[in-house]
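The values are calculated or read from the model by the stated rules, or taken from the named source; none is laboratory data. Being a predicted model, the structure only gives us computed values, none of them experimental. Glycine also receives a Cβ, built like all others from the backbone with ideal geometry; neighbour counts cover every protein chain displayed.
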Amino acid sequence: MLDSEYYDELEIRDADERELQLFEAFGRHLAAARANAPYFAELFKDLGPGDVTRRRDLEKLPITRKSDLHELQKKAPPFAGMTAIATANLRRIYQSPGPTYDAEAAGKDWWALGRSLYAAGVRPGDIVHNSFSYHLTPAAMMVEAGAEAIGCAVFPGGTGHTDQQVQAMADVGATAYAGTPSFLKILLDRARELGLDVSRLSKAIVGGEALPRPLRDEFSARGVMALNCYASADLGLIAYESKAMQGLIVDERLIIEIVRPGTGQQLPVGEVGEVVVTSLNREYPLIRFATGDLSAVMPGASPCGRTNMRLKGWMGRADQTTKVKGMFVHPAQVAEVVKRHPEIVKARLVVAKKDGQDAMTLHGESKSADPALADSVAQTLKAVTGLSGAVELVRPGALANDGRVIEDKRSLA
């Protein structure tokens, strides 16, 4: 459908039809992952064939955390047994900071970035100036594959060398940009300083950093429509912005959940939590992969006509582990406290300084204000964390909807 507003018909299918098709595909995907990827064979060894048939059933599956990849890969290099094909049969192998290793297999637009580029208005015949990194990490190659799928030429700018890149943009006549928003501003500013004409540049997909409204407006005033692209080295495209600029639309090959940090519990629409992704990728079948990013699902469909789930965008990090009196406290421990007390529907552990010492206070939403409940929760908190802390019961809805499970106020004290 490259003569359409939409990349393909998947983007505009009925939402219920999409859900049915995704979970039909997931059943086959799960079976293949267990047969071919040793890590998932072990992780899901006790799972029956009919255990996961709908979204809610995903809560039965354990989560694999991105933050654990380094240690998992050290035990079983290079990919911790998560890939479903032999390492020698991959197309490329990348290294991200950590280090962690990322896989790319053969196939048209394997990373699915073409969908994001297309939503930004990139079409056959465009020239994409690619300023994502070509060194060690896959960001630049993701864009390359997407642009090739659409039918575009790519200038491999990479990072740095500002004057050379600006000169190339002017000489080649780049019409689209891919890279970080801050570097796009640097390039546009430098072009103005050098008196170079880069006015053919009219669209951009940006990622790796926040795109503040003032900066987006500045790009627009200079004739460039910049849209967000949310992708990662392990998953490829996760979600993308359309011209409606109302949330990030989830890629069609993914199942995304928003879960309470430190748990696998799915959260309702609008509540902030951790982005957990299941990728229907045959070669690298990541299942319930916790990204460490916070976001929330937006209600309804995008005004652009695409019908898939929308995310509010990046809203912070879910890994809120902190040290209290020399001991680590994790979001999963807060979740365990809540689990043991059904009267508590939501909690936030606040760490501060009191009389020069670390002090913890667990704020728990509850319909009950019974001091005996607070005392019982405090005992559980000490049993789970090994640390004493106060407990304050607050009314349901009193805690901020920002995904925070542990809030460290010591730096502000």
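For segment 92-106, name all the residues that are touching a residue at least 24 places away in the same chain (Cβ under 8 Å), over 15 Å from T291 (Cβ atoms) and surrounded by fewer than 22 Cβ atoms within 10 Å (Cβ to Cβ). Before the answer, list the steps.
At the first step, the residues of segment 92-106 found to be touching a residue at least 24 places away in the same chain (Cβ under 8 Å) are 92, 94-96, 98-105.
Then keep just the ones that are over 15 Å from T291 (Cβ atoms); that gives 92, 94-95, 99, 101, 103-105.
Answer for segment 92-106, where residues must be touching a residue at least 24 places away in the same chain (Cβ under 8 Å), over 15 Å from T291 (Cβ atoms) and surrounded by fewer than 22 Cβ atoms within 10 Å (Cβ to Cβ): R92, Y94, Q95, P99, Y101, E104, A105.
Just to be sure before I move on: is A221 without any contact (Cβ under 8 Å) to a residue 24 or more places away in the chain and either over 30 Å from H29 (Cβ atoms) or assigned by TED's automatic domain parsing to the domain that holds S116 (or both) in the structure I sent?
Values: without any contact (Cβ under 8 Å) to a residue 24 or more places away in the chain: yes; either over 30 Å from H29 (Cβ atoms) or assigned by TED's automatic domain parsing to the domain that holds S116 (or both): yes.
Taking the combined requirement at face value, the residue satisfies it.
With the requirement that a residue be within 17 Å of L117 (Cα to Cα) and in contact (Cβ under 8 Å) with a residue 60 or more places away in the chain, what does segment 208-218 give you?
Result: G208, single match.
Just checking, does segment 369-382 include any residue being of a type in the set (G, A, S), in contact (Cβ under 8 Å) with a residue 60 or more places away in the chain and in a loop (DSSP other than H, G, I, E, B)?
Let us first name the residues in segment 369-382 that are of a type in the set (G, A, S), namely 369, 372, 374, 376, 378.
If we keep only those that are in contact (Cβ under 8 Å) with a residue 60 or more places away in the chain too, we end up with none.
No: segment 369-382 contains no residue that is of a type in the set (G, A, S), in contact (Cβ under 8 Å) with a residue 60 or more places away in the chain and in a loop (DSSP other than H, G, I, E, B).
Regarding segment 74-91, can at least one residue be identified that is at positive phi and either of a type in the set (S, T, Y) or surrounded by 15 or more Cβ atoms within 10 Å (Cβ to Cβ) (or both)?
The answer is yes, given that some residue of segment 74-91 is at positive phi and either of a type in the set (S, T, Y) or surrounded by 15 or more Cβ atoms within 10 Å (Cβ to Cβ) (or both).
Of the conditions (1) surrounded by fewer than 19 Cβ atoms within 10 Å (Cβ to Cβ); (2) of a type outside the set (K, R); (3) in contact with a helix residue (DSSP H, G or I) (Cβ under 7 Å, 6 or more places away or on another chain), N401 clears all except one; give me its number.
(3)
Among (1) within 25 Å of L267 (Cβ to Cβ); (2) out of contact with any strand residue (DSSP E or B) (no Cβ under 9 Å at 6 or more places or on another chain), which single condition is R34 missing?
Looking at each condition in turn, R34 falls short on (1).
Taking segment 89-126, which residues are of a type in the set (V, I, T), touching a strand residue (DSSP E or B) at 6+ places or on another chain (Cβ under 8 Å) and either within 19 Å of K74 (Cα to Cα) or at pLDDT below 95 (or both)? Before you say what the answer is, go through the steps one by one.
Going residue by residue through segment 89-126, those that are of a type in the set (V, I, T) are 93, 100, 122.
If we keep only those that are touching a strand residue (DSSP E or B) at 6+ places or on another chain (Cβ under 8 Å) too, we end up with 93, 122.
Listed by number, the list holds a single entry, I93.
Can R18 be described as surrounded by fewer than 15 Cβ atoms within 10 Å (Cβ to Cβ), touching a residue at least 60 places away in the same chain (Cβ under 8 Å), of a type outside the set (A, V, I, L, M, F, W, C) and closer than 23 Å to E274 by Cβ? Show your work before the answer.
Values: surrounded by fewer than 15 Cβ atoms within 10 Å (Cβ to Cβ): no; touching a residue at least 60 places away in the same chain (Cβ under 8 Å): yes; of a type outside the set (A, V, I, L, M, F, W, C): yes; closer than 23 Å to E274 by Cβ: yes.
Spelling it out, it is not the case that R18 is surrounded by fewer than 15 Cβ atoms within 10 Å (Cβ to Cβ), touching a residue at least 60 places away in the same chain (Cβ under 8 Å), of a type outside the set (A, V, I, L, M, F, W, C) and closer than 23 Å to E274 by Cβ.
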